[in-house]
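See below for the structure under consideration.
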Amino acid sequence: MNSQAADAAPIRLGTRRSHLAMTQSTWVAEQLRAHGHAVEIVEITTEGDVNRASLAQMGGTGVFAAAIRRALLDGEVDMAVHSLKDLPVAPEPGLVIAGIPVREDPRDTLIARDGLTLGELPAGAVVGTGSPRRAAQLQALGLGFEIRDIRGNIDTRMGYVTSGELDGVILARAGLARVERTDAISETIDPLQMLPAPGQGALGLECREGDARVIAALAELDDADTRAAVTAERAVLGALEAGCAAPVGALAEIVEETDGSLEISLRAFVGAPDGSFELRRSDVGSYDNPAAVGEALARTLLDDGAGAVIPPREAPNPTTSTKEAGA
């Protein structure tokens, strides 16, 4: 243990009060404590927790991060734990993502009545999701589902199925794994059918850019492969000028070549939520420049017509700028 770190003032970790947010934040706090750092968890209420309007009406998936980022900038907390898939891609002035730990399984899952899979649900089945990306890919499968817009935490969304209100809901496997609810999964969806959101399954540890002590502590949890993969994925969003609630999916994988060098294999999807447009493309590029791989693939998508269905990116604003993190 680093005795100097242990003797320093605790690192104040700001988090939402939801079960998933608290679980993720507690896990990060435990990792930091294992490296000898004292951590204090500070609960913060966000607009997304008290406003029941749809995410689109509130401005997209930036809502949950906004209050915590404001607390960071105001010096009320020292760090925050974000689900990267819900974090706007535009950098927040004064803040830095100093650590990205090893990623959970990034795939989406189906929780359905009677344990049915997507292929077993009948035409006309009602499937819930708050994600335009998931809606677009479900419609693109051509299975005849009715897509219902839903919000809420993991238990609320699963409750729509157990109550019989919906035939199924789509949730991120990572969130279910973190709250130990993978037993409820009917099917883990192959990325060939549904590409996850950029950064899905990964956590971003954010702090003030001038806080050398906290930056150094968070860097101890950083995983190079995860950072490279999510950097490539989020670069697709950035180059498309799309928000993190846009109907865009991306998944990067690290591939070792026969000569021992590493490359990034990147796949992306852009579609219309009503299923009227679907575009899938892939590319391979340098592990050492993941952003360039994402930007190149975004240019291909734009050349092939993706701009027609991408809504404008939400402006980065810590007072107004989101989605149940990890769901």
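Only one of Gly326, Gly294 is modelled with pLDDT of 70 or more, closer than 22 Å to Asp105 by Cα and either surrounded by 22 or more Cβ atoms within 10 Å (Cβ to Cβ) or touching a Phe, Trp or Tyr at 6+ places or on another chain (Cβ under 8 Å) (or both); which?
On the way: Gly326 fails: modelled with pLDDT of 70 or more.
Sole residue among the options that is modelled with pLDDT of 70 or more, closer than 22 Å to Asp105 by Cα and either surrounded by 22 or more Cβ atoms within 10 Å (Cβ to Cβ) or touching a Phe, Trp or Tyr at 6+ places or on another chain (Cβ under 8 Å) (or both): Gly294.
Return a yes/no flag: does segment 245-253 have any residue that is part of a helix (DSSP H, G or I), in contact with a strand residue (DSSP E or B) (Cβ under 7 Å, 6 or more places away or on another chain) and modelled with pLDDT of 95 or more.
Of the residues in segment 245-253, the ones part of a helix (DSSP H, G or I) are none.
Within segment 245-253, not a single residue is part of a helix (DSSP H, G or I), in contact with a strand residue (DSSP E or B) (Cβ under 7 Å, 6 or more places away or on another chain) and modelled with pLDDT of 95 or more.
Filter segment 86-141 down to the residues that are among the hydroxyl-bearing types (Ser, Thr, Tyr) and either closer than 29 Å to Leu73 by Cβ or open to solvent by 20 Å² or more (accessible area, probe 1.4 Å) (or both), then identify the one that is modelled with the lowest pLDDT. Walk me through it before giving the result.
Initial filter on segment 86-141 (among the hydroxyl-bearing types (Ser, Thr, Tyr)): 109, 117, 129, 131.
Add one more test, that the residue is either closer than 29 Å to Leu73 by Cβ or open to solvent by 20 Å² or more (accessible area, probe 1.4 Å) (or both), and what stays is 117, 131.
Values: Thr117: 98, Ser131: 93.
So the residue we want is Ser131.
The values are calculated or read from the model by the stated rules, or taken from the named source; none is laboratory data. The structure presented is a predicted model; accordingly, all values stated were derived computationally and were not measured. Methodologically, a virtual Cβ is constructed for each residue, glycine included, from the backbone with ideal geometry; neighbour enumeration extends over all protein chains shown. Only protein heavy atoms, including side chains, enter the accessible area calculation; ligands, DNA and RNA are left aside. Shrake-Rupley method; radii C 1.70, N 1.55, O 1.52, S 1.80 Å.
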